[in-house]
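The next block holds one structure in the form of structure tokens; read it before the comments.
Each value in this text was obtained by applying a stated rule to the coordinates, not by laboratory testing. Here the structure is a predicted model, which means the values were calculated and not measured. Note that we place each Cβ from the backbone using ideal geometry, even for glycine, and neighbour counts take in every protein chain shown.
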Amino acid sequence: MDILMTLGDSEQQFRFAIDTAAYQGLTRRTEWRWPAQERLWNEPVRQFTGKGNDEITLEGVILPAFRGGIGQIKAMRALADRALTDASGARPLLLVTGYGEVLGEWVITAIEEEQPVIGPSGAPIEQRFRLTLGAYARDMA
């Protein structure tokens with residue numbers, strides 16, 4: 001199985017793969033905060049106030065009849081719920097690319113699902129998803 005990316009740890013992990021939920025697009029947006037301070041008779045000046053949000057959005061298509069089954073998006077939601085209800089408290093999830101780059105700790109902030117093609121029994125023939133992750137920054141102790 002060609003793994004594109006994994007999210008989670010060894011206890012519970014979601015694998016984005018060609019055979020299951022293959023994402024077809026990845027968008028990453030990173031912000032740096034440089035607010036402008038207005039000045040009299042001069043141009044505004046900018047001051048760096050810290051790093052802003054870091055967000056990754058994965059968009060993909062699942063063909064449940066082909067491989068992976070109908071439960072892939074349900075498994076994504078279960079992983080998000082598990083991160084909130086873990087006995088040790090809410091915790092972030094490790095994100096690792098298929099080529100081994102560790103992207104750090106992230107939290108699932110949104111999952112969107114679309115079922116544009118429905119079969120005769122009402123089950124989706126095609127599912128599209130958009131998974132949004134927010135970077136988790138640990139406080140320095």
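Any idea what diffusion coefficient the range 10-55 gets from Stokes-Einstein, in µm²/s, Kirkwood Rh on alpha carbon pairs, 10 °C, 1.306 mPa s? Working shown, then result.
Working: Rh = 14.8 Å.
The estimated diffusion coefficient comes to 107 µm²/s.
Taking +1 at the Cβ of each Lys and Arg and -1 at the Cβ of each Asp and Glu, which of Ile108, Asn42, Ala135 sits farthest along the dipole of the chain towards its positive end, judged by Cα position relative to the Cα centre?
Farthest towards the positive end: Asn42.
Could you compute Rg(Cα) / (2.2 N^0.38 Å) for the range 81-134, with N its residue count? Don't skip to the end; give the middle numbers.
Values: Rg = 15.5 Å, N = 54, 2.2 N^0.38 = 10.0 Å.
Scaled against compact globular proteins, the figure is 1.55.
If each residue of separation counts as 0.36 nm, what is the full-extension length gain between Glu59 and Trp41 once their alpha-carbon separation is subtracted? Walk me through the numbers on the way to the answer.
Numbers: separation 18, 0.36 × 18 = 6.48 nm, distance 4.75 nm.
Extra length from Glu59 to Trp41 when fully extended: 1.7 nm.
From Cα pairs below 8 angstrom and at least 6 apart in sequence, can you work out the relative contact order of the chain, rounded to a whole percent? Numbers along the way, then the final one.
Working: 276 pairs, mean separation 34.4, N = 141.
Contact order relative to length: 24 percent.
For the range 28-75, which chymotrypsin sites (Phe, Trp or Tyr not before Pro) are in a loop by DSSP, counting at most 14 other Cβ atoms within 10 Å? Can you show the working numbers first?
On the way: sites: Trp32, Trp41, Phe48, Phe66; in loops: Trp41, Phe48, Phe66.
In loop regions of the range 28-75 (DSSP not H, G, I, E or B), the sparsely surrounded chymotrypsin sites (Phe, Trp or Tyr not before Pro) are Trp41, Phe48, Phe66.
According to the Cα gyration tensor, what semi-axes, each the square root of 5 times an eigenvalue, does the equivalent ellipsoid of the chain have, listed from largest to smallest in whole Å? Please report the intermediate quantities before stating the final value.
Values: eigenvalues 253, 75, 38 Å².
Sorted largest first and rounded, they come to 36, 19, 14 Å.
What is the calculated FRET efficiency for Asp2 to Lys51, with r their C-beta to C-beta distance and R₀ = 35 Å, to the nearest 0.05?
Numbers: r = 33 Å, r/R0 = 0.95.
It comes to 0.60.
Counting helices only, and only those DSSP H runs with n ≥ 4, report the 222 nm mean residue ellipticity of the chain as the sum of -39,500 (n - 2.57) divided by its residues, in deg cm²/dmol to the nearest 500.
Numbers: 1 runs with 14 residues, N = 141.
It lands at -3000 deg cm²/dmol.
Of the chymotrypsin sites (Phe, Trp or Tyr not before Pro) in the range 89-133, which ones lie in a loop per DSSP and count no more than 13 other C-beta atoms within 10 Å? Display every interim value, and only then the final one.
Details: sites: Tyr99, Trp106, Phe129; in loops: Tyr99.
Of the chymotrypsin sites (Phe, Trp or Tyr not before Pro), the ones in loops of the range 89-133 whose Cβ has at most 13 other Cβ atoms within 10 Å are Tyr99.
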